[in-house]
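What follows is a single structure, written as structure tokens, with notes after it.
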Amino acid sequence: MRYRTIPCLLTTALTLSSVAACGSSGPGGGDVHDSGRPTVPAAPPRQAYDPPTAFDAGKGVVLPGAALGMAKEPALGRPRRSLPVVLDGTTAYLATTDSLQAVDVTTGKVTTTLGARNPAAQPSSTSDGDNPAGAPVLATVNGKSDAAVAFLENVPGQGTTAGHLSVELAALDTGTGQAAWSMLLDVPDGVIDPRPTSSNSPSATLLGVHGSTAVVEVTDGHQGVVLAADLGTRKALWEKNAFLPLAVAGSQVVGVVHQDGGDDAVTALDLTDGHQVWSLPNDVYNTSIDVVGPTKVLVSAQDFESGAWSAQLVDDATGHAAPVASFDSGTAVSQCLYDDRSVILCANDSTVVAADATDGHQLWSLPDAAHHRVAPKVSALWHGLAYGVTENGPVILDARTGADRSAGPTITPLLVDGYTALAYDGGHSDLRAYPTTG
């Protein structure tokens, strides 16, 4: 049985030798470090372009090695785990298995580091492509914008209390760059194996936040538990075993329940108390779930009897499912992206299909032999533009029409916003932040 899951966090201590000076411990959480550099006059603010169509390839700055994550290819179809980075203005928040770093994308320098208190496993490597952490989650908690992560930790035994695993949820305030809050959630005893092995390690992943409710997956690679917590009150809400969560969508967490016969039941749980809201027929496997709008998820799966692949657009509140534009002959969907506006883009190694995020009707597809057009390897999708590469070099497409918007961009972004594009350098040995210019 194979699942394409959201990446898990492995955790332990990390020596932060690059930090020049240390501050005091953050509120209720791990150590917080700042750069210790003298104050310099602020540079003029960058101009934002929404969406950007041009980048300054000569001004890319190298980000810390852990930013490479596990992604290796600049194309849709790369491993489901993506870069462990989220962009917020001119700051990139970078997660490792035992730290959360704020990185200035104009310089590539780490300005703040929030560390785990009692990490449970070995740290992320900072070498190329060896950081399995997922991206931090941007959330508004008690009226403030925070970048949040989950760390799996060892709580030391004391007196008659045995040592046990716990999840630390922690965040940096995106306004101040300082530690915002931290809380601990106990992992039920016996649910996962706390011992790392050659193939799997225990891990915790913050899947998402809706309102003040956070959802965390804890797994050892074979079994796991879902934990929910209220970040506003810092209290645990509920937990559920034998459920593999794949996405937080609206007020539900959507995932799969593995059946005895080997098939999956795609199921949604209410974030308030964990009760089941809906479930789709359990006749599929190799299920993947992507959030593709404020009220929709895209469920891609393989039919248990025929082996054919299909995709359905599912209302996250009701479970109502409708077929979505898919591939001829029902071949596998490698991954689906959402442009945060109105377009879903799905692909495999040879085909790209765009669909409307409201009703799933097909907008366009490539390749198009009649017009001598090839399918690009799509690396990012944002606000109406698809970024990618063909044998002719980097390209930008209109996400709703499929038309070339820019045939000669200088880079192939893996992650983009109005200020910055993150892309590999020419040798794929570094991840660089490039300013947008148009």
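The values are calculated or read from the model by the stated rules, or taken from the named source; none is laboratory data. As the structure is a computational prediction, the values presented were derived from the model and not from experiment. As a convention, Cβ positions derive from the backbone with ideal geometry for all residues, glycine included, and neighbour counts pool all protein chains shown. Surface areas here come from the heavy atoms of the whole protein model, side chains and all, with no ligands, DNA or RNA. Shrake-Rupley method; radii C 1.70, N 1.55, O 1.52, S 1.80 Å.
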query: Can you pick out the pairs among 235/296; 109/144; 109/296; 144/296 whose Cα atoms lie more than 32 Å from each other?
result: 109/296
Heavy atoms of residue 296: accessible area, 1.4 Å probe, square angstrom to 10: 40 Å²
field: For segment 254-303, radius of gyration divided by Kirkwood radius, i.e. Rg to Rh on alpha-carbons
entry: 0.98
- prompt: Tell me, what is the FRET efficiency for residue 361 and residue 186 to the nearest 0.05, using R0 = 45 angstrom and their Cβ-Cβ distance as r?
  reply: 0.45
task: Give me the distance in nm between label points sitting 7 Å out from Cα along the Cα-to-Cβ direction at residue 251 and residue 279, one decimal.
output: 2.2 nm
statement: Counting only protein heavy atoms with a 1.4 Å probe and every protein chain in place, the carbon and sulfur fraction of the accessible surface of segment 350-438 in whole percent equals 50 percent
field: Label zone at residue 342 (point 7 Å along Cα-to-Cβ), backbone N below 19 Å, segment 290-309
entry: 292-297
task: Give me the number: length gained by fully extending residue 391 to residue 318, i.e. 0.36 nm times residue separation minus the C-alpha to C-alpha distance, one decimal in nm.
output: 22.0 nm
query: Taking the simple approach of a point 7 Å from Cα along Cα-to-Cβ for both residue 369 and residue 59, what is their distance in nm?
result: 4.6 nm
- prompt: Which distance in nm do the two modelled labels at residue 272 and residue 260 give, with both placed 7 Å along the Cα-to-Cβ direction?
  reply: 3.3 nm
query: Just the accessible area per residue of segment 170-242, please: how many Å² with a 1.4 Å probe?
result: 43 Å²
- request: Show me 145-155, 339-349 ranked by packing, highest mean number of other Cβ atoms within 10 Å first.
  value: 145-155, 339-349
- prompt: Packing-wise, with mean Cβ within 10 Å as the measure, how do 288-294, 268-274 rank, highest first?
  reply: 288-294, 268-274
